Every structure is written in structure tokens, then in C-alpha cells.
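Structure first, commentary second.
Each reported figure results from applying straightforward, stated rules to the coordinates on display, with no laboratory input. These numbers were taken from a predicted model, which means no experiment stands behind them. Note: ideal-geometry Cβ built from the backbone for every residue, glycine included; neighbour counts use all protein chains shown.
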């Protein structure tokens, strides 16, 4: 399979609904992080430096918008940091911060599963291609010595 064939088949594997869900949940998570730490329930009155935690999501947003599969793979692991923060703050903070933390948990779970499910067909194709490559290795021309 040539690279042109692979990119042509990428359109067949692309799931617009899951991709939109990934993008939407990521944008909502970024908006929540900014609003939460800036004016909804900051750690200190007037805002908190924790508002900068959304900066880590900017490269993720760029990669998800361009459907970069590598970025989507590592972002599904990065998002677990936000999940952990949400669980800790949901169980330790008081309202309204705990409510916002549960919203953060919900958005991270939504992003994680929509991204994983979006990437699944691509991973299956790569695994099948790797299996077919090991069964019939390409013939190499013999080089004279």
C-alpha cells in the first residue's frame, strides 16, 4: 500500500461525530479551566495562577483540530492529569468549586473516550498492515559484492 492509498483510505476511517465530540469537549474543558480559575471559583479572590493550566491544552487543541493522530494519542494520556485534578478537587473542595471539578471530570472522560474511539480504526488498520508486512516481507534486490 502506497502512502497515497493510505491517505485516501483515511477518509473512510474518519468518524466526524467522534472527532467533533473530541474537539467540543476539549474546547469546553479549556473554557471551564479559564472561567473556573479566573472568576467562577478561584483559589484566591481576583483570580488564580492556576488559570495557566489551560496553556498545556493549546498544542492538544491544534493537533486535534488538524486530526493529527500522534497528538491525539498522547493527549489522551495528558488529559488524565486534568481528570486527576478534577477528582481531587471534587472530593476535597466545597461548592461551587466541587461542582466545577465534577464538570471537569465529565469533560475529561468525554474527551478521553471519544478520542480513543476515534483512533481505534486507525490502530486496527496499522496492526493489520503490520501483520501483512511480516507475512510477506518485501523482496530486496540482491546487491553484488
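Numbers at a glance
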item: The range 16-129: radius of gyration and largest Cα-Cα distance (Dmax), Å; result: 15.1, 56
item: Residue order, fewest to most beta carbons within 10 Å, for 115, 134; result: 134, 115
item: Sequence of 79, 87, 55 once ranked by neighbouring C-beta atoms within 10 Å, starting from the fewest; result: 55, 87, 79
item: At R0 = 22 Å, FRET efficiency that the Cβ-Cβ distance of residue 127 and residue 70 yields, to 0.05; result: 0.85
item: Ascending count of other beta-carbon atoms within 10 Å, so fewest first, for 64, 88; result: 88, 64
